[in-house]
1. I need the full set of residues from region 37-58 which are within 18 Å of M1 (Cβ to Cβ) and crowded, with 19+ Cβ neighbours inside 10 Å, in order please.
2. Which residues, taken from region 200-235, are in contact (Cβ under 8 Å) with a residue 24 or more places away in the chain, farther than 22 Å from K79 by Cβ and not hydroxyl-bearing (S, T, Y)?
3. Inspect region 37-45 for any residue being in contact with a Phe, Trp or Tyr (Cβ under 6 Å, 6 or more places away or on another chain) and farther than 21 Å from E214 by Cα and give the result as yes or no.
4. Is it the case that F25 is assigned to a helix (DSSP H, G or I), in contact with a strand residue (DSSP E or B) (Cβ under 7 Å, 6 or more places away or on another chain) and surrounded by 17 or more Cβ atoms within 10 Å (Cβ to Cβ)?
5. Taking only pairs six or more apart or across chains, which ones have beta-carbon atoms under 7 Å, a first residue in region 171-199 that is polar (S, T, N, Q), and a second residue that is modelled with pLDDT of 95 or more?
6. Name the strands (runs of 3 or more DSSP E) wholly within region 106-216 that hold at least 3 residues that are at pLDDT 95 or above and surrounded by 14 or more Cβ atoms within 10 Å (Cβ to Cβ)?
Amino acid sequence: MKIRIKFAKSGAIRFVGHLDVMRYFQKAIRRAGIDVAYSGGFSPHQIMSFAAPLGVGLTSHGEYMDIEVVSAASASELKDSLNNAMVPGMEIVSVTKLPDDAMNAMASVAAAKYTVRFREGYEPDFDWETQTAAFYARPSIPVTKKTKKSEVEMDIKPSIYALESVKDENGQGVIRMMVDASSSGNIKPGLVIEAFLAENGSTLSDFALEITREDTFTNAGTEDEPVFISLDAVGNEF
């Protein structure tokens, strides 16, 4: 049985990197007594797949992992068992059963939604809240994207699906965006903000941003006419 688990990551645990999060969940699944399936061969391991890795220091309300289980009584029981094994800052949000032909979490990722805040004392020196719409209305947004081996000039405008400045529940100005998060076109929110500030004659300081990934999406439409749905909308409770 294929299971998709949605989890949130906050607090001090946000500084734990992706590989350590994977190891943490392997141990948590054993502690929770989940009847997880293992691969065959001489070195069996839990059958597990994570969606897009979250950058160190970012918080999230919408991280995903897929596992295969031999048996499970119900989604609510599995969720409760896992939450009882979680450390502070990790919370299981939902558990769903995937169709047999569903792609794994990593292969499914098409986009991600983020909320970006400027830390106190690091706000840009221009009226960024009124300039966000004009920036997004530009026909192109050229940037220099750094890779492991080189720097690449590219236009990230087609990879930004939504961008707006709004007030959060506390009345604080924030920037919300949905961007390409696929393996072939992943755009980091910091790159968008850096381009936004550069367009207005400002620079992005280190540690200026507080970034939260709100959710992760797959494309239920086509490449030309995408329809983004949350990864947990693919399955059903059981």
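1. M48
2. Correct list: N200, G201, F207, A208, L209, E210, I211, N219, P226, F228.
3. Taking region 37-45 as the starting set, the residues that turn out to be in contact with a Phe, Trp or Tyr (Cβ under 6 Å, 6 or more places away or on another chain) are 44.
Filter again for farther than 21 Å from E214 by Cα, leaving 44.
Yes, region 37-45 has at least one match.
4. Numbers: assigned to a helix (DSSP H, G or I): yes; in contact with a strand residue (DSSP E or B) (Cβ under 7 Å, 6 or more places away or on another chain): yes; surrounded by 17 or more Cβ atoms within 10 Å (Cβ to Cβ): yes.
Taking the combined requirement at face value, the residue satisfies it.
5. Q172/R117; S182/V109; S182/A110; N186/D180
6. Qualifying strands (runs of 3 or more DSSP E): 111-118, 160-167, 173-180.
The values are calculated or read from the model by the stated rules, or taken from the named source; none is laboratory data. For clarity, every value in this text was computed on a predicted model and none was experimentally measured. Every residue, glycine as well, gets a Cβ built from its backbone with ideal geometry; the counts of neighbours run over all protein chains shown.
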